[in-house]
1. State all residues of the range 312-327 that are of a type outside the set (F, W, Y) and over 17 Å from V269 (Cα atoms); if no residue qualifies, say none.
2. Filter the range 329-349 down to the residues that are assigned to a loop (DSSP other than H, G, I, E, B) and without any contact (Cβ under 8 Å) to a residue 12 or more places away in the chain, then identify the one that is nearest to L365 (Cα to Cα).
3. Residues in the range 308-317: is at least one under 21 Å from the mean Cα position of the chain (by Cα), in a loop (DSSP other than H, G, I, E, B), at pLDDT below 95 and outside the structural domain of Q51 (by TED's automatic domain parsing)?
4. Restricting to the range 251-292, give me the number of residues that are of a type in the set (A, V, I, L, M), outside any strand (DSSP E or B) and more than 14 Å from F332 (Cβ to Cβ).
5. Give, as residue ranges, the strands (runs of 3 or more DSSP E) completely inside the range 75-177 that count at least 2 residues that are at pLDDT below 95 and farther than 23 Å from R196 by Cβ.
Amino acid sequence: MLLRTLTLAACALLGACATGAAPAQRGDLARQIADDAAAFNDAYAQAVQAQILLNIMRSRDRLPRHYLSMTGIADSPSWRYRQNAGIGSIPLGDGGAPWGFGSVGLERETQTRPTYAVQPFGAETLTRTVFDATQPYVFAHYWRSGWPRDLLTLLLVERITVIAADGHTRLFYNEANEIFGDCTDDVQTEGCAFVRTLRAFLSRVGPHSQISTDVSARAVCGLVDAYEPTRPVRAAPPSEDETCDPTFVVGDDTYVFRLRSLDETVYYVGELLRAGTMSAEAGGAIEAQITIRAAGLRGGGQGVPLFRVLPHEASRHGRIYGAEVAYGGERFYAGPAISRSCAEAASAGPCQDSAEEGDRSSSVLSLIAELLALNQSPDAIRAPNRLIAE
């Protein structure tokens, strides 16, 4: 009778444990899936951006660039549960009946093996992804989505054609190896002539475009935006097999942008770092020789380098970086997290107008990484997946 009672009690205990364990098991599983998804997201981002940083460093040293395709990371965890219950007895000595006891056990075993593949692009995909010029509608998406326009145009535009009202045309080339000293007035190079023309253009464009819908307005193929045009203009669709470069009408002038490819963009950033490497102190930050608006500073300011690379000695311990890579026996970092929103620059604290506090390198890495992903899909272009508010 006693043994039967203990058996029933143990079975009841096992049922209670199993019933109470089910919600806990589901909670553990949900947390595990969430943690795995976040970890794989982080691993994928680091892999893609490290590849970009590696090719930028190769470009700086005039070494060949190589691009690899990384598939998504798949994880198929397997779960195995084992439950057990038993009744045993402990002798109580001569003449005494054995006293029974019960035991309940629950075991869980998890096995997981992430899978992914890193491989070279096929010839057709490599051409479309890396070597073909950026499509005008891709540029238009980023131009209208809130991205820093000085960063966007410096990276993606290789030439500006300025057409005056009388038809006179001037060409300006974005040559990184001719950009020095932030292109102050005393630097007379073709690259700095482009930078000064671009800065003058950006100072003239406002927050609102004035493109007409009147069919009698002047038709401009490739028109992206118009700012205070002297007469109404409208966008004209391209004819068959025609590609229209991004075009802006600003007052009497028309600006036409010739876009570069992803590989040319990567090489451009590397070239900008070449002169910065020669002027950097040993173990110090390597900075591009051209400035753009600082991240998180809406009140103007002096600007920060377009891109910065930090050797291990110059990196800040415990800080999050967008990319890190081992290159030439040394580890380099780029794109530190910048979490600030400042109306005006300050002389101290996070609102300083300094290269370290306003580093834009993460935006450069993000733009190139998005282009790398977008160019692999020929179907349709989607709007950028983030909005950068100035």
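The values are calculated or read from the model by the stated rules, or taken from the named source; none is laboratory data. Please read all numbers here as calculations on a predicted model, not as lab measurements. No Cβ is skipped: glycine too gets one built from the backbone with ideal geometry, and neighbour counts run over all protein chains shown.
1. The answer is H312, E313, A314, S315, R316, H317, G318, R319, I320, A326.
2. Start the filter on the range 329-349 by keeping residues that are assigned to a loop (DSSP other than H, G, I, E, B), which leaves 329, 337-341, 343-345, 347-349.
Checking which are without any contact (Cβ under 8 Å) to a residue 12 or more places away in the chain leaves us with 329, 347-349.
Details: G329: 22, S347: 28, A348: 27, G349: 25 Å.
My answer is G329.
3. yes
4. Looking only at that region, the number is 8.
5. 78-90, 99-111, 118-120
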